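Student: Here you go, one structure.
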Amino acid sequence: QVELVESGGGLVQAGGSLRLSCAASGRTLSSFAMGWFRQAPEKEREFVAGISWNGGRTKYADPVKGRFSISRDNAKNTVYLQMNSLKPEDTAVYYCAAEEYELTTRTSAYDYWGQGTRVTVSS
């Protein structure tokens with residue numbers, strides 16, 4: 001069992017930055033691919049960024065490419081999402097998730113989920 005806890009969300013003006021963290025307990029994250037997802041009001045949860053177990057591969061959704069960066073520190077059992085040049089359309093609850101086998105963008109493939117951290121970007 002893996003417990004994931006997100007932090008770092010908040011209110012920021014458009015053009016600003018935030019860094020989200022996802023801390024894990026229960027098992028080491030080094031055997032998991034990790035993903036960040038987001039869900040805006042009345043919208044489905046969507047993939048934002050993902051990283052392979054060793055950080056060697058990353059994937060990004062098109063709307064965030066060039067602005068967001070995912071990274072991980074397996075020694076700290078933590079995954080990060082650096083978000084720059086934030087836009088109002090980035091407003092959502094952001095979730096981290098762990099997938100035991102491979103890096104994928106499919107929401108249904110992820111085995112463990114955090115409770116989410118809210119990001120609000122004002123215009």
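The values are calculated or read from the model by the stated rules, or taken from the named source; none is laboratory data. Source: prediction; values computed, not measured. We place every Cβ from the backbone using ideal geometry, glycine too, and count neighbours over all the protein chains shown. These accessible areas exclude ligands, DNA and RNA; they are computed on the full protein's heavy atoms, side chains included. Shrake-Rupley method; radii C 1.70, N 1.55, O 1.52, S 1.80 Å.
Results for (1) open to solvent by 30 Å² or more (accessible area, probe 1.4 Å); (2) not charged (D, E, K, R), shown as yes or no for each residue.
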{"site": "G35", "(1), (2)": "no, yes"}
{"site": "E44", "(1), (2)": "yes, no"}
{"site": "V48", "(1), (2)": "no, yes"}
{"site": "I51", "(1), (2)": "no, yes"}
{"site": "T58", "(1), (2)": "yes, yes"}
{"site": "A61", "(1), (2)": "no, yes"}
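Student: Something else: Quick check on this structure: which one of A33, A24, A49, A14 is aliphatic (A, V, I, L, M) and more than 18 Å from L103 (Cβ to Cβ)? Please lay out each step first, then the result.
Tutor: Working: A33 fails: more than 18 Å from L103 (Cβ to Cβ); A24 fails: more than 18 Å from L103 (Cβ to Cβ); A49 fails: more than 18 Å from L103 (Cβ to Cβ).
Going through A33, A24, A49, A14 in turn, the sole match is A14.
Student: Select from the range 82-119 the residues that are in a strand (DSSP E or B) and touching a helix residue (DSSP H, G or I) at 6+ places or on another chain (Cβ under 9 Å) and write down the one among them that is surrounded by the most Cβ atoms within 10 Å (Cβ to Cβ).
Tutor: Looking at the filtered set, the residue picked out is M83.
Student: Taking the condition of being assigned to a loop (DSSP other than H, G, I, E, B), farther than 14 Å from L81 by Cβ and at pLDDT 95 or above, how many residues in the range 1-31 meet it?
Tutor: Going through the range 1-31 one residue at a time, the tally reaches 3.
Student: Pairs, please: C-beta under 8 Å, at least 6 apart or cross-chain, first residue closer than 16 Å to T120 by Cβ and in the range 84-107, second basic (K, R) and open to solvent by 60 Å² or more (accessible area, probe 1.4 Å)?
Tutor: A92/K43; A92/R118; V93/R118; Y94/R118; Y95/R45
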